[in-house]
Amino acid sequence: MRAPSRLGRALLAVALTAPALLLATTPAQAAPAPLVGVGSGRCLDVTGNASANGAQLQIWDCTGGANQRFRAGTGGGTPQCPVNPVNPNASTQARKLLCYVYSQYGNHIISGQQESTWIGGPDHEINHIRNNTGKCPAIRALDFGDSKDLAPRAIAWWNAGGIPMIGYHMGAPTKPDTYEGTQMQVRRR
């Protein structure tokens, strides 16, 4: 049996990591985003937050409201995907996430950032990236060893259209399960 490719290893990591976080939330597809006019700097806006067929659209100052967030190409239905998850019982959300990652491979870069709860709080790097680029990374990496209260942030990231990833620093055998423990040597007898 040959070794999996880099794509195969990346998809395996997504297949193993994502289902733990994929609660009863919206599927991970292209994140909803505002449509901003290049000349005006204003956003396309659904008048009065209407959701009925035939709702009127207008150009308005960007407020960040749900009535100014749009998702392209998600008219419903099951996405066609040329790849299957490792787990044949993977949830619909996990399958959609896998298809999204696969659709980006070789076409786009999916950016990510590990939060550092010890430097300015868990949003420090995310805010820095957003403030300097105008965008947030797609993947927010959280470490259970650094922050036991990460679940609400992971769920909020998912609900906002992002991809949360949870890691855990497992210490070397007989060493503490901390970042420092991952750097310690284990003596052979």
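The values are calculated or read from the model by the stated rules, or taken from the named source; none is laboratory data. For clarity, every value in this text was computed on a predicted model and none was experimentally measured. Backbone-built Cβ (ideal geometry, glycine too); neighbour counts: all protein chains shown.
Among the residues of the range 27-61, those that are in a loop (DSSP other than H, G, I, E, B), surrounded by 15 or more Cβ atoms within 10 Å (Cβ to Cβ) and at pLDDT 80 or above comprise 34, 42. Those residues that are outside any helix (DSSP H, G or I) and not aromatic (Phe, Trp, Tyr), I need them from the range 114-135; list them, please. Once the filter is applied, which keeps residues that are outside any helix (DSSP H, G or I) and not aromatic (Phe, Trp, Tyr), the range 114-135 yields 114, 115, 116, 117, 119, 120, 121, 122, 123, 134, 135. Inside the range 166-184, residues that are at pLDDT 85 or above and more than 15 Å from residue 117 (Cβ to Cβ) make up a count of 0. Note on the range 145-169: residues that are in contact with a strand residue (DSSP E or B) (Cβ under 6 Å, 6 or more places away or on another chain) and β-branched (Val, Ile, Thr) total 2. Of all residues in the range 114-144, those being surrounded by 18 or more Cβ atoms within 10 Å (Cβ to Cβ) and in contact with a helix residue (DSSP H, G or I) (Cβ under 7 Å, 6 or more places away or on another chain) number 6.
If you go through the range 112-160 and keep only what is aromatic (Phe, Trp, Tyr) and farther than 23 Å from residue 182 by Cα, you end up with 157, 158.
Among the residues in the range 143-160, are any of a type in the set (Ser, Thr, Tyr) and modelled with pLDDT under 85? Scanning the range 143-160, I find at least one residue that is of a type in the set (Ser, Thr, Tyr) and modelled with pLDDT under 85, so the answer is yes. Only one of the listed residues (163, 139) is in contact with a Phe, Trp or Tyr (Cβ under 8 Å, 6 or more places away or on another chain) and under 27 Å from residue 34 (Cα atoms). That residue is 163.
Considering only residues in the range 153-184 that are within 25 Å of the chain's Cα centre (by Cα) and part of a helix (DSSP H, G or I), the one that is nearest to residue 130 (Cα to Cα) turns out to be 157.
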